[in-house]
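J.: After the structure tokens below, expect a handful of questions from me.
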Amino acid sequence: MKNKLEKKIIIKVTDLFKSFNNNVVLKNINFQLLEGESLAIIGESGSGKSVLLKNIIGLLLPDKGSIEINNVEMVNLPRNLKEKILLDLGITFQHGALFDSLKIWENIIFKVANKEKMNVKQGKQLALSIIKQLGLQPDILDLYPSEISGGMQKRVAIARAICGNPKILLFDEPTSGLDPVTGSLIDKLIKTAVRTVGGSAITITHDMASVCRIADKVLLIDKQTISWSGTPEEMFKSANPKIQEFIKPINSEIFFK
Amino acid sequence: MLDFFINFVGAIGKKFINFISNIGHFFTFFANTIYWMFRPPWYFKKIFQQIIDIGYFSLPVVGLTTFFSGMVLALQTYNGFTEFNSETTVARVVLTSITRELGPVLTGLMVAGRIGAKMAAEIATMRVTEQIDALGTLGTRPMQYLIAPKIIASLVCIPLLVLIGNTIGILGGYVIAIYKLNFNPNLYLYSTMEYLQLIDIIQGTVKAVVFGLIISMVSCYFGFNATKGAEGVGFATTSSVVISSVMILTSTYIITALFFG
């Protein structure tokens, strides 16, 4: 407990409310992401997990509440300051969101190339060094996103997020649509990114195997709010009916043995 | 009965408020775009790519349209003016119609169909697939990276396309006058040059600039604000072409009235 208190708060969400046309999606959301922590957010489809992520990165404005990143209040922060903070974040979107008109290597180095000048050779080398970690072949570098499979697109999106070693990583369903081997590889990479860079990560996922592999802490969003939180180990001991629904399909012993 | 009336008036009121709100959104988008156009960084590679796409690749369609329009105009005018001094009249009518009206309007409509639809579809697809959201999180402003290059390229290319289209249209009239109607080439050219007015060129160029702004702004606006997946992309594309075309035809009257009214 003492160690946790000493850790720096990276993201702090307080009393967050969000609705669309009188349809309440999130209410009274409170949580913190600590330095070096990997947080998994689970919940049914449509429970507002991606909306929460979009509020954190400023793509949506909450109706009420506060979002702090590195002690800076993000809600209503001027655009130029918000952009500076977002540069320290690595983000993947649910469907990859790769730029169709750019080649794979250009997609991967997009943010870094904006910050520092680099030639084609340097750019490709940087992209190559990242895709190797993700089990991708170098020959995809000169292809366009539409020329590679959905699973590869997902991995390229992760490569783009981790390029430049950002300290805060936000992943929206990074392993959905991937085979178990690649999914496991991505999980390992997220864990490595958090441990080696000293970064912190929030991962939105439905994949409970993935939760067990990457998460230090789990949040369950149900009925528009965080209805349960705890460690993966606590999750498997929880009597919460919703948690039970999530863990029922998997055999917890496989992951903890 | 009263309920029906109240609902009916309410529905009309809601549509009207939506309409006013959309106009407000459009002008906010317009002002934002102009603001970001003049602020660094400028993406010169993107601007160059757009110039090639809008200018170079629109040349065949603009050339063909204006060439055949010039030919039709010469034929129709000759049929109507055979009893008068048709050699000078045909040259004059072709020149005036092409430079004042047909050149800019046909070019505008062709570019609205070819480029406006493409811009709207491209940006709308990027919107519904979260690519625009991703841009914002990667240290790049979508207005500067996506929209401004398209507006700048349109403002550069469409006036040039109109000037080229005008020349090709006049050439179309010349081809028919000389090779089908057997006019004297020297006399026809002399008449064309004699009636060529600087004010017509200026007016045509003003129209081209306005059309360029209309096509690019309307297309980018509908693309940028697209929603609802594939259906939203289709809606953005159709709306951009229809509204650009209507605005082109409306503004051409206003500009003509300002210059010659």
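J.: Looking at region A:93-113, which of the residues that are assigned to a helix (DSSP H, G or I) and not hydrophobic (A, V, I, L, M, F, W, C) is nearest to the other protein chains (Cβ to nearest Cβ)?
T.: A:LYS111
J.: I would also like to ask the following. Residues that are under 27 Å from B:VAL218 (Cβ atoms): find the helices (runs of 4 or more DSSP H) completely inside region B:45-141 holding 2 or more of those.
T.: Counting at least 2 such residues, we get B:59-81, B:103-111, B:117-128, B:131-137.
J.: Does at least one position in region A:114-130 carry a residue that is among the polar types (S, T, N, Q), within 13 Å of chain B (Cβ to nearest Cβ) and touching a residue at least 60 places away in the same chain (Cβ under 8 Å)?
T.: There is no residue in region A:114-130 that is among the polar types (S, T, N, Q), within 13 Å of chain B (Cβ to nearest Cβ) and touching a residue at least 60 places away in the same chain (Cβ under 8 Å).
J.: So for region A:66-85 (the condition being away from chain B (no Cβ under 14 Å), of a type in the set (Ser, Thr, Tyr), over 18 Å from the mean Cα position of the chain (by Cα) and surrounded by fewer than 18 Cβ atoms within 10 Å (Cβ to Cβ)), does at least one residue qualify?
T.: Looking through region A:66-85, at least one residue is away from chain B (no Cβ under 14 Å), of a type in the set (Ser, Thr, Tyr), over 18 Å from the mean Cα position of the chain (by Cα) and surrounded by fewer than 18 Cβ atoms within 10 Å (Cβ to Cβ).
J.: If you don't mind, there's one more thing I want to ask. Would you say A:VAL24 is in contact with a Lys or Arg (Cβ under 9 Å, 6 or more places away or on another chain) and surrounded by fewer than 16 Cβ atoms within 10 Å (Cβ to Cβ)?
T.: Judged against the criteria, A:VAL24 is a match.
J.: Let me ask something else about it. Give the residue that is farthest from the other protein chains (Cβ to nearest Cβ), with candidates limited to residues of region A:166-178 that are without any contact (Cβ under 8 Å) to a residue 40 or more places away in the chain and surrounded by fewer than 24 Cβ atoms within 10 Å (Cβ to Cβ).
T.: A:LEU178
J.: Output the qualifying pairs, or none if there are none: Cβ atoms under 7 angstrom, residues six or more apart or on different chains, first residue in region A:179-193 and in contact (Cβ under 8 Å) with a residue 60 or more places away in the chain, second residue buried (at least 18 other Cβ atoms within 10 Å of the Cβ) and of a type in the set (Asp, Glu).
T.: none
J.: Within region A:136-149, does at least one residue satisfy the condition of being outside any loop (DSSP other than H, G, I, E, B), surrounded by 20 or more Cβ atoms within 10 Å (Cβ to Cβ), at pLDDT 85 or above and not hydrophobic (A, V, I, L, M, F, W, C)?
T.: Checked region A:136-149: at least one residue is outside any loop (DSSP other than H, G, I, E, B), surrounded by 20 or more Cβ atoms within 10 Å (Cβ to Cβ), at pLDDT 85 or above and not hydrophobic (A, V, I, L, M, F, W, C).
J.: Would you tally the residues in region A:219-237 being surrounded by fewer than 17 Cβ atoms within 10 Å (Cβ to Cβ) and over 17 Å from A:ILE202 (Cα atoms)?
T.: 5
J.: Shifting gears a bit: (1) under 25 Å from B:VAL242 (Cα atoms); (2) among the aliphatic types (A, V, I, L, M); (3) within 12 Å of another protein chain (Cβ to nearest Cβ): which one isn't true of B:LEU138, the others all being true?
T.: All conditions pass for B:LEU138, except number (1).
J.: Further question on the same structure: Would you pick out the residues in region B:133-155 that are of a type in the set (S, T, N, Q) and either surrounded by fewer than 24 Cβ atoms within 10 Å (Cβ to Cβ) or over 18 Å from the mean Cα position of the chain (by Cα) (or both)?
T.: Selection gives B:THR137, B:THR140, B:GLN144.
J.: Go through region B:112-132 and count every residue that is more than 13 Å from chain A (Cβ to nearest Cβ) and surrounded by fewer than 24 Cβ atoms within 10 Å (Cβ to Cβ).
T.: So the answer is 3.
J.: Can you tell me which of A:GLY58, A:GLY90 is within 14 Å of chain B (Cβ to nearest Cβ), touching a residue at least 60 places away in the same chain (Cβ under 8 Å) and touching a helix residue (DSSP H, G or I) at 6+ places or on another chain (Cβ under 9 Å)?
T.: It is A:GLY90.
J.: B:PHE67 - would you say it is hydrophobic (A, V, I, L, M, F, W, C), buried (at least 17 other Cβ atoms within 10 Å of the Cβ), under 20 Å from B:ILE115 (Cβ atoms) and outside the structural domain of B:ASP200 (by TED's automatic domain parsing)?
T.: Taking the combined requirement at face value, the residue does not satisfy it.
J.: If you don't mind, there's one more thing I want to ask. For the structure I just gave you, tell me whether B:THR227 is crowded, with 20+ Cβ neighbours inside 10 Å, within 14 Å of another protein chain (Cβ to nearest Cβ) and either within 30 Å of A:GLY164 (Cα to Cα) or not aromatic (Phe, Trp, Tyr) (or both).
T.: no
The values are calculated or read from the model by the stated rules, or taken from the named source; none is laboratory data. As the structure is a computational prediction, the values presented were derived from the model and not from experiment. Please note: Cβ atoms are built from the backbone with ideal geometry, for glycine as well, and neighbour counts cover all protein chains shown.
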